[in-house]
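The structure appears right after this line, and notes come after that.
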Amino acid sequence: MDINNNVIYLEKTNIYQRKHLILKNVSFKINLGEFVYLIGKTGSGKSSLLKTLYGDLKIQSGNGSIVGYDLRKLSEKDIPFLRRKIGIIFQDFQLLDDRSVFDNLLFVMHATSWKDEKKINQRISEVLELVKMSTKAHKYPHQLSGGEQQRIVIARALLNRPQLILADEPTGNLDPETSEEIIELLQDLTSEKTVLMASHDKYLMDKYPKRTIICSKNQVLQK
C-alpha cells in the first residue's frame with residue numbers, strides 16, 4: 001500500500017471503542033482538494049471515525065493512512081506531528097475565553113513550536129485575512145457572534161498550513177445564513193486542501209452538494 005497516494009485511505013478497517021466494535025470493514029479514500037460530507041445518526045460512529053483519523057483511536061485491523069501517516073504504525077510521539085498536518089474544527093469552538101483572538105492563535109503557534117515572532121505575526125495576519133476577520137484580532141471570544149467565533153476557529157485550524165481539515169458539525173450552533181457563509185468558506189479552501197465535514201444539516205448538503213460518506217448500522221457507505 002502506498003500511503004502517499006491519498007490524503008485519507010482506509011481499507012477493510014475495523015474501528016473499536018475499547019472492545020466494542022463501532023464500524024466494521026470501512027473502506028474509502030479521499031484525495032487532495034476534495035470536499036466530502038460525513039453523515040449519520042447520533043451514535044452511528046461519526047465521532048469514532050474522526051477520532052481514528054486524528055489518532056485518538058487505534059486501528060485494530062485493516063489498513064489506513066492519513067496525510068502520509070500509516071495509522072497502523074502510528075506511535076504516541078507521531079501524533080503531535082500528525083496533528084500539525086490536520087486542522088480540526090469543533091462545533092463548540094473551544095476558544096480560550098480569557099484571551100483575545102490574537103492570543104488564542106498565538107497560543108496554538110507557541111504550542112506547535114513556532115519561534116520567530118515576525119513569522120508568527122505574519123501567519124496570524126494571513127489566516128485572519130483568509131476568514132475575513134482581520135479587524136477582530138483584539139476582540140475576546142465573548143465579544144464575537146457565533147459565526148465570527150467559528151471563523152476564528154477556522155483560522156486557528158489553518159495556522160500550520162494543514163493538508164486536511166476535519167470539521168465536526170461546524171455549523172451545528174449557527175443560524176442558517178451564517179451556516180451558509182461558513183460552508184462557502186470551507187468549500188473555498190479545497191483548491192489546496194481537503195475537507196471532511198461531519199454534518200446533520202440536510203438543507204446545507206442539498207444546497208451545496210458534494211460526495212457523502214454515511215455511517216449506518218456499523219458500516220460506512222458512500223453516495
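Nothing in this text is a laboratory measurement; each read-out follows from the coordinates by a stated rule. Please read these numbers as outputs of a predicted model, since none were measured by experiment. Methodologically, a virtual Cβ is constructed for each residue, glycine included, from the backbone with ideal geometry; neighbour enumeration extends over all protein chains shown.
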Nothing charged except the Cβ atoms of Lys and Arg (+1) and of Asp and Glu (-1): what's the magnitude of the dipole of segment 101-201 about its Cα centre? Round to the nearest 20 debye. 640
For the chain, what proportion of DSSP beta bridges, expressed in % and rounded to the nearest 5, is antiparallel? 50
So what's the convex hull volume per residue for the Cα atoms of the chain, in Å³? 126
From phi via Karplus (6.51, -1.76, 1.60), per-residue ³J(HN,Hα) for segment 38-49 in Hz, x at Gly/Pro: 10, 10, x, 5, 4, x, 7, x, 4, 5, 5, 5
Cα lying deepest toward the dipole's positive end in the chain, options Ser125, Leu186, Ile213, charges on Cβ: Ile213
Of the residues Phe81, Phe102, Phe28, which exhibits the maximal mean-square fluctuation in a Gaussian network model of the chain defined by a 10 Å Cα contact cut-off? Phe81
Once amide hydrogens are built 1.01 Å from N within the peptide plane, the residues lying 5 or more places from Gln17 or on another chain with amide H under 5 Å from its amide H are Ile22
Given charges at Cβ of Lys, Arg, Asp, Glu: the chain dipole, positive-most of Ile86, Thr42, Gln60: Gln60
For segment 137-153, just list the computed ³J(HN,Hα) in residue order, Karplus coefficients 6.51, -1.76 and 1.60, θ = phi - 60°, integers in Hz, with x standing in for Gly and Pro. 4, 8, 6, 9, x, 5, 8, 10, 6, x, x, 5, 4, 5, 4, 5, 4
In whole angstrom, the spacing between the Cα centers of segment 166-198 and segment 103-155 equals 18
Suppose each label sits 7 Å from its Cα in the direction of the beta carbon; what would the Arg161-Lys118 distance come out to in nanometres? 1.7
On alpha-carbon atoms, Rg over Rh for segment 2-49 using Kirkwood Rh? 1.00
Computed Kirkwood radius, in angstrom, where 1/r is averaged over Cα pairs of segment 144-223: 13.5
Interchain or long-range residues, amide H under 5 Å from Ile165's placed H: Gly87, Thr194, Val195, Leu196
Out-of-range pairs (alpha-carbon distance over 25 Å; input Lys51/Lys139; Lys58/Lys217; Lys46/Lys210; Lys85/Lys210; Lys51/Lys217; Lys41/Lys223): Lys51/Lys139
Taking 45 Å as R0, compute the FRET efficiency from the Cβ-Cβ separation of Leu96 and Tyr208 and round it to 0.05. 0.90
Segment 24-86 - charge dipole about Cα centre, Lys and Arg +1 at Cβ, Asp and Glu -1, debye rounded to 20: 100
Scalar couplings 3J(HN,Hα) for segment 122-135 by Karplus 6.51 cos²θ - 1.76 cosθ + 1.60 (θ = phi - 60°), nearest whole Hz, x for Gly and Pro, are 5, 5, 4, 4, 5, 6, 5, 5, 4, 9, 6, 10, 4, 8
Computed magnitude of the charge dipole of the chain (debye, nearest 20; Cβ of K, R +1, Cβ of D, E -1): 960
